[in-house]
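The structure under discussion appears below in the form of structure tokens.
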Amino acid sequence: MSQTTTKRPLSVLQKSLNKSVIVRLKNEVEYKGKIDSVDSYMNLIMTDAEELHDGKIVGKYGRIILRGNNVIFIKLINEI
Amino acid sequence: MSQTTTKRPLSVLQKSLNKSVIVRLKNEVEYKGKIDSVDSYMNLIMTDAEELHDGKIVGKYGRIILRGNNVIFIKLINEI
Amino acid sequence: MSQTTTKRPLSVLQKSLNKSVIVRLKNEVEYKGKIDSVDSYMNLIMTDAEELHDGKIVGKYGRIILRGNNVIFIKLINEI
Amino acid sequence: MSQTTTKRPLSVLQKSLNKSVIVRLKNEVEYKGKIDSVDSYMNLIMTDAEELHDGKIVGKYGRIILRGNNVIFIKLINEI
Amino acid sequence: MSQTTTKRPLSVLQKSLNKSVIVRLKNEVEYKGKIDSVDSYMNLIMTDAEELHDGKIVGKYGRIILRGNNVIFIKLINEI
Amino acid sequence: MSQTTTKRPLSVLQKSLNKSVIVRLKNEVEYKGKIDSVDSYMNLIMTDAEELHDGKIVGKYGRIILRGNNVIFIKLINEI
Amino acid sequence: MSQTTTKRPLSVLQKSLNKSVIVRLKNEVEYKGKIDSVDSYMNLIMTDAEELHDGKIVGKYGRIILRGNNVIFIKLINEI
């Protein structure tokens, strides 16, 4: 997992479509779901997303578009 | 619904005109209505919009223009 | 009123000159008046504008220039 | 005063040199004086300016340069 | 002093090298000194600068570089 | 270690892949791990990352993408 | 020291490599060390840096990269 790649962060994101992620926004809210699409501003479409406050599910979204400028991090989960 | 598409988030938004959405802004206020138009900054015109504070309707707008830089997310609702 | 148009938000604004609007800024203050001119940053000139705090008039302005980056929304009122 | 013009906000500002204005900044402080020059970012030079806190004069400035990104509004006063 | 010039704010700043100014930043701290150089972002080098909190000197700087995006205003002092 | 180099900060970052770093974000949270990739906005992919609050580990991430605009600093550790 | 130069602020910074500086960030934390490299955003690499809170050393960094958009000022010290 720690083998070096020289791919840029946004290229890696583009190749992470359909992967499960947790996205944390500046307001500390997190969204857990799959990345359906992403662009260079980190605007994201997530599907089957759960909104998490302090780790607890407070809402579900079939499809949600997150504006990239609010993103703090995107955690790639379930990596094999 | 979770079939992979490679469309970018803004293209998906452009194809969501007339769909019902909930838009949450940075000040935590939400607007529920239909997308009448949208541009690459996520500037939005919504029609028949309701302003929601903590899920309660506090105002109604025949037509409202939201400045994109305030958007946290856009939730597509009533998807079949 | 909810007939679909594919016009972009800023084009719609450009065609709303002389219409009555309420503009809400990030500091929650609202300005009610007519749009005299607008540009792509949503910089606005309003005429015969009233400044509203919690819906109460606290000031009047013959002509006022609002800097666009403070805008949260522009509500088009008195639409027929 | 409310006759429609199609001039853009910044053009109007450029034609307001030497007029008396009140400029309100994001920190709620206001400056009352004459516009000596202005550019497209709303950077302004004001002359004979008074700094107002809650409408009270707290300082005077022979010439002051305001950085445009702090501007909320510019009110044109003494219009005939 | 109030004779009209049509020079843009940044040009005026460029011609104010070696003049005494007070620069107020967004954090309300002020710096009093001479402008040694300035660019279009209002990045400034000041020499013989004093840092002022509520008008009291709390620090001295032989040469200090201020990042322009923090600037609220630049007051030109000692103008003849 | 303090020998002068004229390399720009982002070039140095690009050459720090696979090195251990601590990244501090504006919300004061720190991430300790290896840089897997980085771009000119300081968007970063870190691997084997630990999230630190006041120096205590509160979370672990196999792979995490940090959005560059939140970064305060990147500390290069374990330099020989 | 106060002789006029017409060099722009960023050019002066570029010529200050290896000089001792104090950098103050928007969160009021200061870093004292040598500039190893700098770019036009004021992204900085500092070496042998100390982190100062209210003037007290709270941390030491062999090499640290500061993101320029957080910078308030850079004080050049030990000038002869």
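The values are calculated or read from the model by the stated rules, or taken from the named source; none is laboratory data. Predicted, not measured: the structure shown is a model, and the values here were computed from it. Glycine also receives a Cβ, built like all others from the backbone with ideal geometry; neighbour counts cover every protein chain displayed. Ligands, DNA and RNA are stripped out before the accessible areas are found, and what is left, the full protein with its side chains, is counted by its heavy atoms. Shrake-Rupley method; radii C 1.70, N 1.55, O 1.52, S 1.80 Å.
Miscellaneous remarks
- On inspection, C:Tyr41 fails the criterion of being among the aromatic types (Phe, Trp, Tyr) and surrounded by 20 or more Cβ atoms within 10 Å (Cβ to Cβ).
- Cross-chain or 6+ apart pairs with Cβ under 7 Å, the range B:14-25 first and more than 15 Å from B:Ile65 (Cα to Cα), then surrounded by fewer than 19 Cβ atoms within 10 Å (Cβ to Cβ): B:Lys19/B:Lys34; B:Ser20/B:Lys34; B:Ser20/B:Ile77; B:Ser20/B:Asn78
- Among the residues listed as G:Asn27, G:Asn70, G:Asn18, the single one being within 16 Å of F:Met42 (Cβ to Cβ), within 12 Å of chain F (Cβ to nearest Cβ) and not hydrophobic (A, V, I, L, M, F, W, C): G:Asn70
- Verdict on G:Leu76 being under 15 Å from E:Ile65 (Cβ atoms), of a type outside the set (Gly, Ala, Ser) and more than 12 Å from chain F (Cβ to nearest Cβ): yes
- Scanning the range E:60-70 for residues that are open to solvent by 10 Å² or more (accessible area, probe 1.4 Å) and either closer than 18 Å to E:Ser11 by Cβ or assigned to a strand (DSSP E or B) (or both) returns E:Lys60, E:Tyr61, E:Gly62, E:Arg63.
- Residues located in the range F:15-32, provided they are more than 9 Å from the chain's Cα centre (by Cα), of a type in the set (S, T, N, Q) and either in a strand (DSSP E or B) or surrounded by fewer than 17 Cβ atoms within 10 Å (Cβ to Cβ) (or both): F:Asn18, F:Asn27
- Qualifying positions in the range E:43-56 - assigned to a strand (DSSP E or B) and in contact (Cβ under 8 Å) with a residue 24 or more places away in the chain: E:Leu44, E:Met46, E:Leu52, E:His53
- Of the candidates C:Ile35, C:Ile57, the single residue that is over 18 Å from B:Val29 (Cβ atoms), buried (at least 17 other Cβ atoms within 10 Å of the Cβ) and touching a strand residue (DSSP E or B) at 6+ places or on another chain (Cβ under 7 Å) is C:Ile35.
- For F:Phe73, the conditions (1) open to solvent by 10 Å² or more (accessible area, probe 1.4 Å); (2) assigned to a strand (DSSP E or B) all hold with the exception of (1).
- Scan the range B:30-58 for residues that are among the β-branched types (Val, Ile, Thr) and more than 11 Å from chain C (Cβ to nearest Cβ) and the total you get is 2.
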